[in-house]
Each structure stands twice: as C-alpha cells, then as structure tokens.
1. Using only the alpha carbons of the protein assembly as shown, what is the convex hull's orientation-averaged projected area in square nanometres?
2. Which residues of the stretch A:425-458 bury at least 30 Å² of accessible area once all protein chains are present, versus their chain alone (1.4 Å probe)?
3. With charges set only on the Cβ (+1 for Lys and Arg, -1 for Asp and Glu), what does the dipole of chain A come to about its Cα centre, in debye to the nearest 20?
4. Leaving ligands, DNA and RNA out of it, report the carbon-plus-sulfur percent of the accessible area of chain D at a 1.4 Å probe.
5. Taking A:Lys387 as the anchor, which aspartates and glutamates have their alpha carbon closer than 17 Å to its alpha carbon, excluding any fewer than eight residues away along the same chain?
6. Loop sites only, by DSSP: take the chymotrypsin sites (Phe, Trp or Tyr not before Pro) in chain A that have at most 14 other C-beta atoms within 10 Å and name the longest stretch containing none of them.
7. Any chance you could check the stretch B:108-143 for residues losing 50 Å² or more of accessible area when the partner protein chains are in, compared with the chain on its own (1.4 Å probe)?
8. Leaving out ligands, DNA and RNA, calculate the buried accessible area for the pair C and B with a 1.4 Å probe, summed over both sides, in Å² to the nearest 100.
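The values are calculated or read from the model by the stated rules, or taken from the named source; none is laboratory data. Nothing here was measured: the structure is a model prediction, and the numbers come from that model. Quick reminder, even Gly has a Cβ in these numbers, built from the backbone with ideal geometry, and neighbours come from all protein chains shown. Protein only, heavy atoms only, side chains kept; ligands, DNA and RNA dropped before computing areas. Shrake-Rupley method; radii C 1.70, N 1.55, O 1.52, S 1.80 Å.
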Amino acid sequence: MQQRRDLSQTHTNRVLLNSQLNTPSWWLPTVILLGIVVIIGWVVIGFILNKGLGVTGLSRPVFWGLMIVTFVFWVGISHAGIMISAILRLTQAEWRRPVTRAAELLTVFSLLTALLFPLIHEGRPWRAYWYAPYDFARGIFPSVRSPLVWDPSAIGTYLTGSTLFLYVALLPDLGNLRDRTTGWQKVFYTMLALGWRGNPRQWKLQTIGGILLSALMLPIFVSVHSIVSWDFAVTTGVEGWHSTIFAPYFVIGAVHSGVSAVVTMMALMRWLWKWGDFIRPEHFDALARLLIVVATGWLGFTFLELIFALYTLEGPELALREMQIFSWPWNVWFIVFLLTGYFIPVPLWLFKKVRNNIAMMFWTSILVNIGMWLERFFIVVPGLARKTPFTFAWESYKPSPIEWFLLGWSVAWVSFLMLLFARFFPLVPLFEQKESQVFTTNVKIGRASVPAIIREQE
Amino acid sequence: MTTEVFGKHKWGMVVDVDRCTGCQACVLACQVENNVPLNTQERYERARGMAWIRVERYWEGEFPDVKARFIPILCQHCENAPCEPVCPVFATYHNPEGMNVQIYNRCVGTRYCANGCPYIVRFFNYWEPVWPESFRNHLNPDVTVRSRGIMEKCSFCMQRIRRGVRNAAKENRELEDGEIQTACQQACPTDALVFGDIDPDNNRTNPGRAYSMINDDRAYTLLPRLNTDPNVIYLAKVDPDREGGAGGH
Amino acid sequence: MASLLEFIKEKHRTTPLWIKALAPVLLLGGLAVFAVTGAVTAFVITAWLGQPIPVLGFDQTVKQPIAFPHTIHAGTGLFPSTGLPGQFIDGLEMDCTFCHRTVTSQANAGVPPVALCSYCHKVIGPEENPELAKLRKAAGLTEEDPSPINWKRVHRLPDHVRFVHEPHIRYLTQHPSEIRNAAPGVNQLSEALPSQVCSTCHGDVASMLEVKQVEALKMGQCVDCHRENEAPTDCTVCHH
Amino acid sequence: MATDRHSHTEVSHEHPSAPSAGEVVEDLVAATGAGVTFRRVAYILGFLAVLGVVGVIGKAVTVGGDTTKWGYVAAVMAFLLTAGGGAPMVAIAPALAKANWVRPASRIAAMFSLIGIVTSLLLIPLLVLLPSLVVEETRRRSVWFEAPVYSPHVWGMMALVGLTVTGLALFYASALPDFAAMRDHSTGWRQRWGEKLSRGWRGTDVQWRSLRMRIGMFGTLYFLLLVFTHFLISTDFAMSMVPGWRDAIFPMYHSVSSLQAGIASVTLALWVARRYGGLERYLHLDQFWALGKLLFAFSLLWFYFFFSAFIVFWYGRANADIAFLDLLIRGPMVYGFATAFVLCFFAPWWLLIWNRLRVSVNGPAAVAVVVLFGLLVDRVRLYVPSWSVPGDRIHDSYLTDIPATIWPDAFDILTIIGAVSAAVLLMLLASRAVPAVSIWEVQQMNLLSRPVQFLRTHGVLVAKPD
C-alpha cells in the first residue's frame, strides 16, 4: 500500500479504457501475426484429424504424450483465476484488485485450450459425444467409473462458472464503456451491459453474485486438478503414477504455475498498455510472496512424492526413478526442471529488490512455467516408458514436430484470444480500481503514517 | 436346449512355459486368424508393432550361469482388469464368460486402457491398416477389420468360441472340451498352449484339460502383486539344474 | 387527456436503448438457438427411437441389374411381369429357402448361383422377355459370352456386426409367437416353417416388386428383440 | 469500565468498545491470579497425570516387548502431537497474513507448545519398542535408505524435541513485553518473575524490531519443523509397521489434521478462558467466528486429504491397496473409522455450515470438542492396527492376514486420560505464570483499528503497518 496514490476517476477511466477507446498502434499487427499462427495451428489440427495419430511420435507403451502434458499444463494455468479472484476475494486481500479480471480471463481461455488437447488426442474425436449420457437405444451409458468421464464434467463446470464469474465482474465496466462509446460500439456494449445503471440494488446483486460464485467455485477449483491427477493416480500398473499424494500435489503445482502465469501477464499488461499507475510493484511483491509459500509447499509435495516412491524399495519403481533422475538425457532435464521450477526463482524472490523489479518478475515467472511444464512431462512420459518388466519395446518417446508445434501454438492461441478480448473489454477492472481508491487511506499512528483499509463491520 | 446359452463357461488358457521353444508359430497364426495388420520394419522402429500374442525372451541367472527363456504373452483376460474401469464408454469390459473384451465400434481411442495394462498387450491403430492387394481376399470374414484410432487386443479367438457354441446348440449337445481351439493353440507344435473352460464352479463330468492343469504345482500368474487375477495361467519352467526342479518366472 | 398522451409518448421515447438494441438480436439469437436445439433434439430422438430419417438407402428400392420380381416367384395371386409390360403372371408361392438355401444352416442367407435360376428359366419364360434374356446371357445359354450378375445388396449391416442367420431362424421357427409382420395365423402355430420367419426383419418380401429394406436394422432394434426373448445381449455376441 | 462489561457477555455484532491501555494491563495481569476452583481442578488433573504414569509403567510391566499392546500409547502420543503441535500455527499464520482478529488468541495458541513436553516424554517408551530397521537382511519400509539401524529413533526424537524447543522459544519471545508488564504492574513473586524473564525489556525500537523478527523466524521454523515431525512420526510410527502401506499423502494428512486439531484446541481453550478466566472483555465473537470459519475449512480439507488417498487405494485394487483398506477402513477399525469420519468431517461440516452456530461463541467451541474427540479416534484408527501387525510380518511385501481388533485395556485408558490431563495441567499452570491474553497484542490492536462512519454505514478502519 505504500505506493498508493490518489488517482482521479477520470484518469482511471481514460487510462484503463485506452485499449477500447484509442487502440494502440501495435495491436493490429500483433493480432494479425498471432492470427496467422493460429490459423496454421487449426490447419495442423485438421491434418491430424484427417491422417490419424500416426503423425505423432506416440508409440507403445507411451500411449500418452506431449498433448496430455500440454493439457495438464493448461489446466494448471487455469487455476490462477479462482486462486486470485475467489480465495483472495474471500480473504479480503486488497492487492488482488487490478489482477482479478486478467486472471479470470486466463482461466477461461486456458480451459478452452486445455479441453481441446485431449479431444484431438483421441483416436476418433468425432465420437467424443459418447461421453455424454444420451443413447438409450443401445442401453449404454458412459462409464461413471472412468476418470475420463469425471474430467469433462469437472472442467466443464469450472469453465461455466469461470465464464459467469468473468461476466458478472465485467458488468459495471461494460456500463462504463457503453456511456463512452458511439456507433456500433455503443450498440455492442449496450447489449452486453444488460441495462447496468449502477444503482444500489444492482451493486448489491453484483456483489452477492460475485461472493456466491467465489464460494461455490472453490470446491470446483480443488476438484478439477484433483480429477486430472486421478487420471494418472488410479492406474496401478504404471510405476510412478499410483501415488496418493497426486491430488493435492497437482493442485498446489497448478496454483504455482497459474499464479506465475498471472505475474507474466501482469508484467506484459503493464508494459504494453502503460498501466504503471495501476499495476504497481507492490502487486508483484505481494504475488511473489504468495508464490514463495506456494512454491515451497509444492517442493515439499514433490519431495514427498519422490521419497514415497522410493519407500517401497520395489525393483521396477527404483528402475523408473533411476532413469528419471540419473540417466541421460533425463538427468539434465530433471536438473533444469528443479532449477526453473524452484531453485532459481524462489531464492531470487526472497529479495525485496527482485520482487519489486518487474523485468525480473517477468523472467522468473516464465522460468516457473517452463519448470512446471517439465514437471508434467516427467510425470506422464517416463512412467509409461518404463511401465513394467514386460515392455519388450523399450523405445523412448520422441515427440514429433507436429506435437512440438501444437505446444507452441497453444501459447499463441491463448495470447491471441487474450489480445482479442483486450481490444473490446478492459483488462483491469475499473470498478475494483475505484473501490480500492475509496477503501484505502492513510492514518496517522503516533509519528508514523500507516496505510489503512476500511472494512465493513463484522 | 436349442438356444445358445451365454455365460455358461469361463474361458481361460494354460501356458506351459516348459514346453515353449519360442518358435513364434503362435504369433503368425494369430496374425493370420485375426486380421492383425502387417508389421513393417518402420512400425517396429517406432515401437508400434502389433502382435496379440508375442514371445518374450528373458534372461535368468547371473553370468556365466545365464539362461535364455521364452514366455508367450497375450492378453491375460484379468478378472480384475485395470483396463476396464477406466474406459469412459464401456468399449472394454468384462463379459460373463470371464473374458476381457474389446468392442471396436464403441472405442473412441483414448488409450487410457493401454496405460492401465501392466502386461502391455493392448495395441492402438495409429494408421488405417493396409494390406497388399493380393491379401485382401485372405482376410478372415468372421473378424472385424479395425479402422484407425481404436484399440485392439487378443480376443481368445472370439469368432471360434461363438462358432463352437453355436454348432453345439444347433446339434443340441453340450460343448466338448477341446472342441474350441484358439489359433495360437492350433499352431503350437509343442502343445504349450491349452485353451478351455476353467470355471471352478462348473459341475462337469469331464473336468477338461485346461481345468485340470490350473491347479498344477507349477502354476503361477504374472504380476500377482497387482491383484489382476488373470485367466491365463502359466506353468513354470522345469529347470533340472535347480534345486527342486522348478524355476519360477 | 392530451397530457396523458404526451406522457405515454415521452415514456415510449425513453425506452432504454439496450432493450431496443437487444430486441433484434434476441430474436435472431432465439431463432438460432431454436434451430440448433431442434436439430440436436431430432438427432437424439431418432437415436432413441432407433429410426433413421428415410434417406440414404433406408426404405428405398435399389435398381437391380435384372428386374427380378420376388412377387411372381414367392407371392400368391396375379402379378405384373417385369419384363413384358401388360402381362400378368400367377404367383408361384415358392419357399424362401428354395433359393436362399444356406439361411437355415449358415451365417449368410445366400444369393443363389445363376445356375439355379437357369435350371428353370432354360425352359420357362418367353424368349422376348428382355430381363430373362439378360439372365440367359449370364448363365451362358446364349451365343454371347457369359458374365456374372452383379446383384446389388439391399440389406447391409456395418462391417463390425457379425450377424448369423442360422440361430435366428432356428429360434423363430420354434417360437412362432415372436415372428413379426407374419401372414395371419403364423403366430398361433406351434412350429413355423423357416420361410415364415423371414418377415420379422425383411417384411413381406413376397409382395415387393423391388425389394426394399423395411426395418431400420439399427442396433437398438437388435438389442430390444434380444432382450424381449432373453437372448444374450453381451456385446461380443455380435461384435468381434 | 464495569458499566459496559455486561454488554460483551451477550453475542452481538457491535464492535466492542476498546479499553484503554492502562485498563488492559491491569485487567490481564490480574487475571493470572489463581482461585480456589482453579486449585481444585489443578489437583485433580495432577492426580490423573500421575495415574497416567502408572498406566505407562503398568503397560511396560505387563506386556514387555510385545509391540501389539502399545498401539494406544502411540495413538495418544500422535494425538497430543496433532492437537498441541498444530495450535501455535494458529498464532503464527494469521499474524504473517496481518490479520487483526488473531491478536487476543495468539498467546493461548503459543502456549500449546508446552504440550510438546508431554509428547516428548511419551516418545521415550515408544522409541524403545520400535522394531529395528533391518532384520535378517530384509528391511522394513522406511524413508531411510542406507541409514544406521537406529536412525529413525534418533531423528524422531530430535524432531520432536526440536519442535518443542522452537515452540517454547516462540512462546517466550512473544511474551517478553508481557513479562515487562508484569514487572511493572504487579507485586510479589509475579513481579520478581517478570523482572527476571523480561530481560530488560524497555520497548525501544530495536527491541520491537527484534521481537517481530524473532516471531517471524521462530514461526517459520516452527511450521517447517511441524511438517517434518509429522512426516517422521507418521511414517516411522505407523506406515513402516504395515507392510505394503505406501501412502505419500499420509504426512500431509497428518499435518493438515494437526492444523485442524490446533484450531479446535485453541477454540476450546479460548472458550474456557472466556468462560472461567474472566476474559470476556478481550475474547469476542470475532475470534470465535474466525476460528469457526477456519475449522470449517479444515474439516473439509480433512475429507479432501482422506479421499485423495482413499480413491487411489480403492480404485487401484492391488494387493497392498486392498490390505490397507481392509486394515484401516473396513476391517478391525471400521467403527473407529466411521466415528472419526463423522466427528472430523461430517458433523463439523453440517454444524458449521449453519450460520447461527458458526457465528457464535459457544457453537465453534462445541464443534471443537467434537473435532478433538474425532481426531483422537482417528489417531487410534491409524496407529493401533499398525502396531498390531505381528513383528515377523512387517518385512513382507504386503499384508496377507489382517490382525484382529485390539481393544484398550485399563492401562491404555489410564495412559490416555493421564497424558491429556498432564497436557491440560501444563496449560493451566502456564496461564498463571503469564497473561493468557497477550497484553501488547491487545494494546496494539486497539491502536490499529478504530470504528469509522463510512458513507451511510459503520465500518472499521484497520491500519496495516509493514
């Protein structure tokens, strides 16, 4: 709060709506460039559907590869939204305010991306509707025992909830935009604003809606990545997967990568739209402190996962771990994973100077997500490659160029969606910003001037 | 009795490892019987070869007292199969005859079952299968040709079982032991594979050959710690050099 | 009064813009949602009922290389000749199994070899019937080179279905009450003839000038019938 | 002061009026006086604690080296570690997150580290009884790979003692200003006691800064040690005794239920202090409401951690998985499991979801009793069957025979009652030696928050210094 400054509402409106009212000149070229990549990606997906999964590097026994890793990765990123907007909202953390919208948005888009990957990773994606209980004629329902049936329902619920949450929080800003635009834009925002006038009743309903959604989404938030983890953990036959710790381990890892992704995005937003007045170093500082706790928790879980894998002293398990940690080329990647996931960023974050340095935060948060992607790779692939002594074809999995391309494409696709969204809707919630201005103040205690927050009486 | 009765038998197989010479006749017979796509060199290089039954070689003992052993591995038709509950669409399930079956037309190709299988006997069709033109009319008409994007695995020659049961019903008689033979069993020169009804609750006058072998001293199952309860029973290799004569796997 | 009118006008003028703007969108959007929902519902309902929409082969006839009349061969009564317009011929009431000989013993009902046709049609039927001329040519009874008849298949199950005629015929002949679309009285018999059974799935072929598929023969239908008759419904019975 | 005292006895949403700094000191120092009832209770508890010692000795004499019968002693040790060890976290965690409500509760929470003494004493007989790591070339499952035979014992003891010492250090560090207050505002032995322990506290800027640093440091260290201790105790004292039991979440499950139990203990202690300690003025609905929320959250977490393990075992169906479920959930401990499930999760869930109960003083305290009892049963469920696996079977690859239910005998019951009584007695004695509500924290809270008129409603202005 020490960097709090009084910003007039006019200033807030003008700066935060700059993307909508005066589109920056870099926006169109960037979107076109990303758009080209996106179109190529869709063509590639069409190619996979047309040719079949032979074009991937998958083999036997590594039946799941890069696409599943990428799926888990994006589901992980999606955990940022609820972490920031629901948990911090319920605990009344003041510094969440400028981040909420972007985090929620990231949740929605990364979930959409995540859902795509298992779909195209199926042998016959056009039959995916069999996951839904519709077909009475044959008397066959989806198998509710399968984690692959739990998955779509959990992710679907999360996606629906996040979208609602995003929209409810968008309403006041849409009203704002409606009053500041003309022509087709006015019509567009008028329709979306649903008659928002900002009267007390509407504010009350909007607040109740937000709090209710946060509380209801918390269990979903936990369940989504737990269920993703059970995709792996319920399998007895794969060494390294059958671990009881997977659910909380995945969830905390997801928060680690998700919050880091939010940091990356905030730095970008600050640079691109010049929102230095609103996204301040103190916000990075708070997020970094949160990340230190989360990352350390995550490291603890990683440690427990490894220790209890070795706890059995069973041959196949030991062989798997030996390969994963000590054999070439896995050993190098394992070190890279540990360094990027924890041992480079976290010690750096311990310094206040680093926490308040946007460029450092940007690069360290990117490192975290490289590490977290590698973590998922380390969970999915080596386990399958060294499943049991019966693997007669011990061929290591080599992802094909198409799979690598799709991984990169997914980043471009999410960025594309984000930029497209940012053109039409404010990425920093205006009303939260103004509310924060009202709620925070400085009080004099003795000789010191201390930042203070006005809270509703409990 | 004139209609086909289903679920009366519990099929299983006994594999006498001591008799196996590793000649691979079973592999070839299975390939021909079940329209398994041809394995090219490229497929094996990419670890995508398909063989519903395979002969694995393993080494026993420490050098220099090391011995090469062979063991045929096929779908174990586990009673407690890890592949079954994970399928979201019931494309694989346990049928009343004790078999783990794969329904090709229901499969969506998640490959989750293959991840779960500790014996690695499930195969995925990465490509549409192709046969040379001269082979087209040699395909078994009783076996579905699997298209790309679905899983397949040993079916215990389901088509032969169905035909045998139907013939018995047509002739209004009980099925005889040994009447149904799987392709691999038929091809085995040393009679190492024995297919038959192994249901212990079945009140039969003639116990049947497979059934009489499952309680052998040498009988064991693969990976017992996973509690998959396979219906494929192995009889251990007899090793005269070793004390007691029988060496386990 | 005037002031009231003014008031209403004023009220009307200030209708919120968002309602005005939303109205056409809601209308179009509503229609679109309705259309999509309708399409999905139609799909689901057809799947539930097991009844496909009558296009693409179902309930349609197929042009065969020789206009073979099942009516004249299997029916009773007077039927028009397919080759000679205007002529009528008495139905022969032949048994289905006379031509489809393997139906009681094997998977396929069997299309008779041309020799079986020519056994009768060497002598029966006038020379000037063009359809019979095609048959005789195919059977090698003429000077021309014989060529096989490329009969078009009417009832085709998907490749992943293994349907065997034999047990179905066997069961239905012993349980005539289960026969559908049968001639009057058949369902009361204690035992039926194999040829009285066919109508269950194929309809009254004897009355069809050109054979068409009358039943959908979707999986739901198979499963329903198997359930009603306590036949096995395990997937592997038909799929392997 | 006396006129508005009654207004705090009834539960209301009104913000409590802040007593002046002087009143706070006098009130809280005066509250350390011991009455007749207090003495009586203390004597009874002391007697029960002695009975507990008799219980442990009786146990040693009657069953000798057979581990089977020691399950209940292990269980009560684990329970005390759970309930007492987690409590100081309640003081630290919200303090790190700058939450104001916790200030009046932090002293009592930190006081719970004294229970570590009882836990450490109980560890002694158990360490002797732990089967050694390597027997006839076979190793029992352990987190120690190539370690000396007695390493688990050494590490377990060091962790527990370290935890206790850190907890006491935290307790002492945060009590320094209050000792100074005792020095300045009381007479007799309390003054001398305060003078000795306050170590020249004058309240200079340097002293305050080092106080805050110490709390942060000891707090972080305490948390890390807590997780580590649970990791060691739960694996060496429970998991390693059951062949095939490999449950990576188990230490975390212990840590989380330790926090749950800690919250419950603090709630209960606060309620007792408020009801019988004459501290109504300082312990308000705020504290109970906040603790109720936390208790609710942690009860749900209990289920989450339990279920994460359960579904993997249940779905996995390997022999070891089945044996584990048979032993702890279906078999000899089925009633224990059902009771623990209801008391730790189901009852708190449905009780605390009810606003009238959660937003009250008595409600969370009542649920705290339920949760504490549930966690005792849960520890019994986890430890007793583990210790009842025959010694020659713990090197197998998985459990083939499920041992029968072991019921507690008289000595077990005496031990449980005695250990709990000793723990409570220590707490009671400590509350006489130092104010049960931290004086400086309350003063600081009054300084930092003040009611304000905000637009048309009432609000609180909370200052948040770095």
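1. Its Cα hull, projected and averaged over all orientations, spans 72.7 nm².
2. Listed by number, the residues meeting the 30 Å² cut-off are A:Val443, A:Ile445, A:Val450, A:Pro451, A:Ile453, A:Ile454, A:Arg455, A:Gln457, A:Glu458.
3. 1320 debye
4. Looking at chain D in its full context, I get 68 percent from C and S.
5. A:Asp231, A:Glu239, A:Glu314, A:Glu317, A:Glu322, A:Glu395, B:Glu56
6. My reading of the result: A:137-350 is the longest stretch.
7. B:Val108, B:Thr110, B:Arg111, B:Tyr112, B:Asn115, B:Ile120, B:Tyr126, B:Trp127
8. Chain pair C/B: roughly 1700 Å² of buried accessible area.
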